[in-house]
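The values are calculated or read from the model by the stated rules, or taken from the named source; none is laboratory data. Please read all numbers here as calculations on a predicted model, not as lab measurements. In this analysis, Cβ positions are derived from the backbone assuming ideal geometry, glycine residues included, and neighbour counts consider all displayed protein chains. With ligands, DNA and RNA removed, areas are computed over all heavy atoms of the protein, side chains included. Shrake-Rupley method; radii C 1.70, N 1.55, O 1.52, S 1.80 Å.
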Amino acid sequence: MNDDLTKRSITRALERLSERIQTPRALAIRPYEKALIESFIERARGQWLGPSEPVLTVALAGGTGAGKSTLINAFAGTVIAEASAIRPTTRQLQAYHHQDDSLGALTEELASKATFVAHDRPELRHKMLVDTPDLDSFMVQHRATTKSLLKRSGLVLYVFSPERYLEERTWSILRTETEFSASAAILNKVDRIGSPEELEQITEDLRAHFAALGHGDIRIFRLCARAHVPDPSGVLPNLASDVDDMVALRAYLERELHGSEIARLLRRQREAVISHLRAEIDRIAPPTLSSKLEEVARLATARASEAGTRLAGTIAEPLAAVEAELVPLLIMHRHERFWGPFRFWLAFCDFISFGLTNLVRRSIGRRQTDRPSLIESTLDRAARGAVEVVLRSQVREIQDLLYANSLPIERWRELTANVDGTGLITEISQEIEAGFELAAVRLSEQGRSIIGFASSLGGLVPSAFVVIGLFVMTRDLFSGTYAGLTLLWHLLAMMILFFLALQGLVAVLLPGGTRWFGPSLGPQSVSRVISRTVDLWVDAYRTDLLADIADLREPLNVLQTAVNAEEQSL
Ligand SMILES: Nc1nc2c(ncn2[C@@H]2O[C@H](COP(=O)(O)OP(=O)(O)OP(=O)(O)O)[C@@H](O)[C@H]2O)c(=O)[nH]1
Ligand SMILES: [Mg+2]
């Protein structure tokens, strides 16, 4: 696998995770959860983005005065770290590393707090031993430095002294760290322990403490570090002690920790980070979240449509008023489809049915622009309050649903903060207006043949009558039996009668009258707009929440894929 490519994708994945944790769109993430995940991310960075050649960081950690610095000196066989009776002594990290090993295992920040001593011992290749500041003194800064080193360590040697091996400050850190990195315990200063029984007692105590953390199988080395640090003249101090596991500890570090064991520890550490990240993310965004979200969305849609129906009932009166205003407009709209003299008659009928105002309005062509504002103003006056009330109660109901399903509500609140009654009325009006257009088209489609027939009759039949009349009159004029005037009146009267009959016929044939045709527009539009508004909110909320979940989960997959790939390449 391309190492750079993997590192780049891991860098991106961790950035994405970090960014989403800091500024979630919909999820509610508490500050301590943020801090915890950030600390996991820092661990992940340390473990995946370090040097390509694996170097195991072996930290010596523990309380002040336990003998960590003395122990690293014992390994080095000379004094490389200051060890003294002054508490606390060590302030900086002290790395003891092979000259050919990459130092990239430490971040720049940690490296700036470290001093380095290089060696050429092949048995310590790929293992960087690091002495650390104490975990339990009053120096908070010491703890912080050591904690960030522990996050990057694959193996931690916890050094204890017989006097203070139960110090709570140390154990509180140990409790977390042993979950991530492999550990071994070192009981130092055994020369200070009075009797073999006491030694066994302390050893058992230590083991029991580790067992309580799930590490009953911890290796415990009991030794006397100072006995292995030569003085300036090269002489080893003579400290009385029957038990000394220094040889075993050296063997462990030098021989047991070889290539594949190092790789195993590093992998274990990576897997631990992934599983901790996963557990935390599962807590913030449980896997059931998306199914709960879908369930709430479904309920929300159903309730919104019920609320729409309820609202239509509440504002039935203004809706009816709107329809009453629209009926004549629709009929006139339809009548405009007629042509020939017939149209004149229909206009006359409109006038009779709906009054002069509408006729004037229509004839000066203002109908088209007036209609939407006419609907809007009628509704706005009478229905805005009711629309707002219904929508607000919807918002609250859905918020309760979210809450009951342990879904975050903050984003929902933001999305629904402004329930704008006027905007909704405009939407409802537009919906009614669109329905009106549709009804008009449908009506004229339905009546197309009737319209064709009636218009033809309206245009052709009177013309035929006039032609016949003129013919009869001309003939009579030439034959001298002129009765033209009477005939003309007869013809006119017949034409009028015919038109009226035709109008009557069409009035019967065309559905209509002074009520709305087809399904009621108002309630339908109200339902649709309420549903649409709620659906839009729910969709926006869902999109944000799902994006959060994806941003939290996908980086985990990237890390997991990288670990799996490493395993296969072994
Ligand atoms: N008797 C005895 N004294 C020891 C032994 N190991 C270390 N000491 C002494 O314990 C004291 C503290 O040792 P350090 O190595 O400085 O302890 P440390 O853990 O590095 O302490 P900090 O740097 O303060 O965190 C020194 O005086 C050492 O000489 C040991 O095995 N036996
Ligand atoms: Mg020290």
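Counting only lysines at least 8 places from Lys113 when in the same chain, those with an alpha carbon closer than 21 Å to its own are Lys68, Lys127, Lys147, Lys151. Between the amide H of His98 and those of His119, His126, Lys127, distances stay under 5 Å, these residues lying 5 or more places away or on another chain, with hydrogens modeled in the peptide plane. Taking a spot 7 Å from the Cα of Glu271 along the direction of its beta carbon, which residues of segment 162-181 have an amide N less than 12 Å from it? Once the point is set 7 Å along Cα→Cβ of Glu271, nothing inside segment 162-181 turns out to lie under 12 Å by backbone N. Listed by chain and number, the aspartates and glutamates whose alpha-carbon sits under 18 Å from that of Lys292, ignoring those within fewer than 8 places in the same chain, are Asp282, Glu397, Asp400, Glu410, Asp535, Asp539, Asp544, Asp548.
With the highest mean first, a sort of the peptides 146-154, 219-227, 286-294, 545-553 on other beta-carbon atoms found within 10 angstrom per residue produces 146-154, 219-227, 545-553, 286-294. Judged by the gyration tensor of its Cα atoms, with axes a ≥ b ≥ c, segment 1-150 is oblate; a/c meets the 1.5 cut and b/c is at least as large as a/b.
Ranked by the mean number of other Cβ atoms within 10 Å per residue, highest first, peptides 117-123, 197-203 order as 197-203, 117-123.
Using the Cβ-Cβ distance between Glu204 and Arg553 with R0 = 60 Å, the FRET efficiency computed as 1/(1 + (r/R0)^6) comes to roughly 0.85. Expressed as a whole percent, the accessible surface of segment 55-259 that belongs to carbon and sulfur atoms is 51, based on a 1.4 Å probe.
Each eigenvalue of the Cα gyration tensor of segment 55-259, multiplied by 5 and square-rooted, gives one semi-axis; in descending order these are 23, 20, 17 Å.
Charge tally for Asp420 (other residues, Cβ to Cβ under 13 Å; Lys, Arg +1; Asp, Glu -1): -1.
Over segment 55-259, accessible surface divided per residue gives 42 Å², non-protein components excluded, 1.4 Å probe.
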